[in-house]
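> This is the structure I want to talk about, given as structure tokens.
Laboratory data are not the source of any read-out in this text; all were calculated from the coordinates shown. Just so you know, these numbers come straight off a predicted model, no measurement behind them. Cβ: placed from backbone, ideal geometry, glycine included. Neighbour counts: every protein chain shown.
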Amino acid sequence: MITFTLNGQKIAFEGDQDMPLLWYIRDEAQLTGTKFGCGVAACGACTVLADGMPIRSCSTPVAAVEGQSIKTVEGLETATDKAVQTAWRELEVAQCGYCQSGQIMAASALLSQNPNPTDEDINIAMDGNLCRCATYHRIRAAIHTAAKKQTG
Ligand code: FES
Ligand code: FES
């Protein structure tokens, strides 16, 4: 059995431990905000946080998150999370929206670790999160806006 928490809820998983975490999140927990893009850890659409660090849930077996705290876009709740969500709305970052939950999770992780990131910090942290609609300039602006919100 694999145990972990998902958005604060205790999970005891008895299925195939090699199953990608994304399958559990979307198909079993019915949390469909996390998206499937490439399936090979190359696009970031499936990004969730494991103990606060961004991971690619499409390529992470359930066994790898034993004992960890997993957060999806549905579980955003901290002041930093809220600052990111508000900034995303204010700057109307999303276009088609498909990549955006992954972008938001990566942005929230960045701001949790680095409350006032430079453009360079943002470029490095967000590098693996692709956006086919090329919303990168709005993503960067929204991260700066969220940084200002959370630092006052
Ligand atoms: S779907 Fe996981 S990185 Fe693309
Ligand atoms: S908003 Fe369309 S892929 Fe990013």
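> Measure nothing but the geometry: give the 0 to 90° angle between the long axis through the Cα atoms of 136-151 and the longest principal axis through the Cα atoms of the chain, rounded to 10°.
Value to nearest ten degrees: 90.
> Further, regarding this structure: Assuming R0 = 41 Å, can you tell me the calculated FRET efficiency for the pair Glu14 and Asp121, based on Cβ-Cβ distance, to the nearest 0.05?
Details: r = 41 Å, r/R0 = 1.00.
E between Glu14 and Asp121, to the nearest 0.05, is 0.50.
> Hey, rough spin-label estimate for Lys82 and Lys148, points 7 angstrom out along Cα→Cβ, what's it come to in nanometres?
Taking the two extended label points, one gets 2.0 nm.
> Related question: Given region 1-44, report the % of alpha carbon pairs whose separation exceeds 12 Å. Don't jump to the answer; show the numbers that get you there.
Working: 621 of 946 pairs.
Roughly 66 percent, rounded to a whole number.
> Where does each of Arg132, Arg26, Arg56 land when they are ranked from fewest to most other beta-carbon atoms within 10 angstrom?
Values: Arg132 12, Arg26 19, Arg56 24.
Result, fewest neighbours first: Arg132, Arg26, Arg56.
> If you don't mind, there's one more thing I want to ask. Specify which residue in the list Leu130, Ala147, Gly33 is farthest towards the positive end of the charge dipole of the chain, using unit charges on the beta carbon of Lys, Arg (+1) and Asp, Glu (-1), about the Cα centre.
It is Ala147, whose Cα lies furthest towards the positive end.
> Now for a separate question. Using Cβ contacts closer than 10 Å as the measure, can you line up Thr135, Thr47 from fewest to most? List each step's numbers first, then the result.
On the way: Thr135 21, Thr47 30.
Ordered by Cβ neighbours within 10 Å, fewest first: Thr135, Thr47.
> Where in region 34-75 does the label zone of Gln113 land, with the point 7 angstrom along Cα→C-beta and an amide N cut-off under 12 Å?
Once the point is set 7 Å along Cα→Cβ of Gln113, 50-55 turn out to lie under 12 Å by backbone N, inside region 34-75.
> So how do Leu111, Leu6 line up by other beta-carbon neighbours within 10 Å, fewest first?
Working: Leu111 26, Leu6 23.
In order of increasing Cβ crowding within 10 Å: Leu6, Leu111.
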